Amino acid sequence: MFAYIIGLSYIARQETLARLTSLWPLAFLAAPFVYGIQGALRSIVPALVYVGFFTWILYAVRRLVRRSQLDIREGVSTLIAGIALLDALLIALAGEAWLALAAVGGAILTRLAHRVIPGT
């Protein structure tokens, strides 16, 4: 969680520049995947959350790489909502499938809320 927040914080600070000056801090976003791979390979629920979270982060990074201000804002908002998916992954790894599903719902609700209240 700590590494993910480091990467997200760096990217969010760059948003006002309308471009990212460096992409290397995106590597911090990979920490949850390194941590979660073993558990995801053992059980279906963590595996599904892992794949969903991975897809979510790929979408966000794709937006960030475009480097326009609108794309960076969208990418940052997606990464903010991704915190709930990271929570879902950690909860699923702990064996609590229903709580993990609730956390996935939190990510979706966060993205919906960002349509009304900007995430950044």
Of all residues being among the acidic types (Asp, Glu) and part of a helix (DSSP H, G or I) in the stretch 61-120, which is nearest to PHE2 (Cα to Cα)? Just the residue, please. ASP87
Residues satisfying the stated conditions in the stretch 84-112, i.e. over 16 Å from TRP56 (Cβ atoms) and hydrophobic (A, V, I, L, M, F, W, C): LEU93, ALA94, ALA97, TRP98, LEU99, ALA102
Is one or more of the residues making up the stretch 35-51 modelled with pLDDT under 95, within 19 Å of PRO118 (Cα to Cα) and open to solvent by less than 50 Å² (accessible area, probe 1.4 Å)? no
So TYR4, is it hydroxyl-bearing (Ser, Thr, Tyr), modelled with pLDDT of 85 or more and crowded, with 18+ Cβ neighbours inside 10 Å: yes
Just checking, does the stretch 51-60 include any residue being of a type in the set (Gly, Ala, Ser), closer than 18 Å to THR110 by Cβ and without any contact (Cβ under 8 Å) to a residue 24 or more places away in the chain? yes
Report every pair of residues separated by at least 6 positions or lying on different chains whose Cβ atoms are under 9 Å apart, first residue within the stretch 96-120 and under 19 Å from ILE11 (Cβ atoms), second not in a helix (DSSP H, G or I). THR110/GLY119; ARG111/GLY119; HIS114/THR120
Condition check: in a helix (DSSP H, G or I), within 15 Å of LEU8 (Cα to Cα), touching a Gly at 6+ places or on another chain (Cβ under 9 Å) and at pLDDT 90 or above. Does ALA27 satisfy that? no
Which one of THR110, THR78 is open to solvent by 10 Å² or more (accessible area, probe 1.4 Å), touching a helix residue (DSSP H, G or I) at 6+ places or on another chain (Cβ under 7 Å) and among the polar types (S, T, N, Q)? THR110
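The values are calculated or read from the model by the stated rules, or taken from the named source; none is laboratory data. Please read all numbers here as calculations on a predicted model, not as lab measurements. A quick note on method: Cβ atoms are made from the backbone with ideal geometry, for glycine too, and the neighbour counts reach across all protein chains shown. Areas reflect the complete protein model, heavy atoms only, side chains present, ligands, DNA and RNA absent. Shrake-Rupley method; radii C 1.70, N 1.55, O 1.52, S 1.80 Å.
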